[in-house]
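Beneath this line is the structure, given in structure tokens, with notes to follow.
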Amino acid sequence: MVTVECWGAGGGGSISSTVGDALGGGGGAYAINTVAVSAGASLAYVVGAGGTSITTGRYGGTGGDTWFKSVSDVLAAGGKGASTMPSGWNPGVVTAAGLGGSAEASVGSTKFSGGTGGGAAGGASASPIGVGGSSTGGVSSRATSVGGTSPSAGAGGEPKFDGTSHLDGGGGGGAPGTQFGQTLVGRNGGAPGGGAGAGAGTPLSVGGRGQIRITYEAAPDGIVATTHSVAAYEVDYSDARAGLGAFSGGLLWVGQYFSGSQYEICQSFLTFDTSSIPPGAIANAKIVLAVAENYGASLIEARQHTFSADASAFIPGTDLASKTLLGSAPISGAVAADFELPVTISRSPTFQVALSTADQRTGTPPIADNSLRITGAHLVYDLVEGPAARSQRSFRWL
């Protein structure tokens, strides 16, 4: 399921050759709905085009409707164009401001109408929080009318200025700025959905285009599902390496430590949810570890290991080599920093990793502290789809 928001396009303003009787276009409606989709499916959509002033008949074109998947899933109606009846021109046409795209003509769980054009300025688009503002001014205010403002979004244009574009709704275009009788251009509506202002010449004003915004929750393509750590404490190094005295810990330590009287062997375990990694070949995969403390651990190894969240997860040093090595990398110095560990990952529902050191595997006793502490982890990889590759990142900290 995805959440889809639509804005209808703004209507065009009407024009007049010598008299001040032209009006602004209406703003587009807003609609939102939840739409069912499936991976790989092709979906139809239309983004409405802004209405333009029409010289033949001297009216404004209606803004286009905007819809996604089908007109019955989610649709926002476009704003209406204004019409003009200059003296001696087209007696069958009446003078009327452009009405905003109506919520009634739209489809969605929440719908708002666009603002109405008035004076010579356009109405605003509706926004996610309300009805679009209508422009100011009546028949006698052609020089001063201001475009409508979209709620918490685009401001209406002042005389001689276009409406402001804004992601949540465009403002209506402003008036030409003086009385007609001169060659004055109308002002454009802001995108999305602002109605155009009226004019008396070219270029003709245009309503703001429509818009579609899709919101969805990303799939868990590498989220750290669980973490676990086990430490073994013994006076004899061989016993500690074998996991005698092992117990589950809280902090994620990896490495070996000698206190002067006792040995400590630490291993950490990560479970990644990789079930939703999209189809395609996985390349250049690596685990990025956020290292908070590093006391001289040298070569870190990641091995495939199915484990339970208890002390039985510990892998005896003599058994480490039998576990599939997914990747290894040296780490030097005592500076805490992100550490990249190249690995081979699988697309199984869960991908479990045991982190240990080469010294544990070879049975090299520590003479002091050779361990590090991890506070975060995420997967980074490239997903190859045909000839192209795109990076997929999962920044999921512990």
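The values are calculated or read from the model by the stated rules, or taken from the named source; none is laboratory data. Nothing here was measured: the structure is a model prediction, and the numbers come from that model. Here the Cβ is made from the backbone with ideal geometry for all residues, glycine too, and neighbour counts use every protein chain on show.
Here residue 62 meets the list (1) part of a loop (DSSP other than H, G, I, E, B); (2) among the hydroxyl-bearing types (Ser, Thr, Tyr); (3) modelled with pLDDT under 90 almost entirely, failing just condition (3).
Of the residues that make up segment 322-343, is at least one in the same structural domain as residue 363 (by TED's automatic domain parsing), out of contact with any helix residue (DSSP H, G or I) (no Cβ under 7 Å at 6 or more places or on another chain), at pLDDT 90 or above and of a type in the set (D, E, K, R)? Yes, some residue in segment 322-343 is in the same structural domain as residue 363 (by TED's automatic domain parsing), out of contact with any helix residue (DSSP H, G or I) (no Cβ under 7 Å at 6 or more places or on another chain), at pLDDT 90 or above and of a type in the set (D, E, K, R). Selection of first residues in segment 248-272 that are in contact (Cβ under 8 Å) with a residue 40 or more places away in the chain and in the same structural domain as residue 305 (by TED's automatic domain parsing) and of second residues that are of a type in the set (Ser, Thr, Tyr) and not in a strand (DSSP E or B), restricted to Cβ pairs under 6 Å at least 6 apart or on distinct chains, gives the following pairs, ordered by first then second residue: 263/237. Among the residues of segment 66-78, those identified as crowded, with 24+ Cβ neighbours inside 10 Å and not in a strand (DSSP E or B) are 77, 78.
Being modelled with pLDDT of 90 or more and surrounded by fewer than 15 Cβ atoms within 10 Å (Cβ to Cβ) narrows it down to one residue among 165, 150, 261; which is it? Steps first, answer last, please.
Working: 165 fails: surrounded by fewer than 15 Cβ atoms within 10 Å (Cβ to Cβ); 150 fails: surrounded by fewer than 15 Cβ atoms within 10 Å (Cβ to Cβ).
Of the residues listed, the single one that is modelled with pLDDT of 90 or more and surrounded by fewer than 15 Cβ atoms within 10 Å (Cβ to Cβ) is 261.
Applying a threshold of 7 Å to beta carbon distances and a minimum spacing of six or more residues, or different chains, the list of pairs starting in segment 196-208 at a residue that is modelled with pLDDT under 70 and surrounded by fewer than 19 Cβ atoms within 10 Å (Cβ to Cβ) and ending at one that is in a loop (DSSP other than H, G, I, E, B) and hydroxyl-bearing (Ser, Thr, Tyr) reads 201/183.
Can you tell me how many residues within segment 264-291 are modelled with pLDDT under 80 and in contact with a Leu (Cβ under 9 Å, 6 or more places away or on another chain)? It would help to see each step written out before you state the result.
Here is the first cut: in segment 264-291, the ones modelled with pLDDT under 80 are 273-284.
Pick out the ones that are also in contact with a Leu (Cβ under 9 Å, 6 or more places away or on another chain) and you get 274, 277-283.
Qualifying residue count for the region: 8.
The listed residues are 37, 107, and the only one of them that is more than 19 Å from residue 168 (Cβ to Cβ), at pLDDT 95 or above and in the same structural domain as residue 191 (by TED's automatic domain parsing) turns out to be 107.
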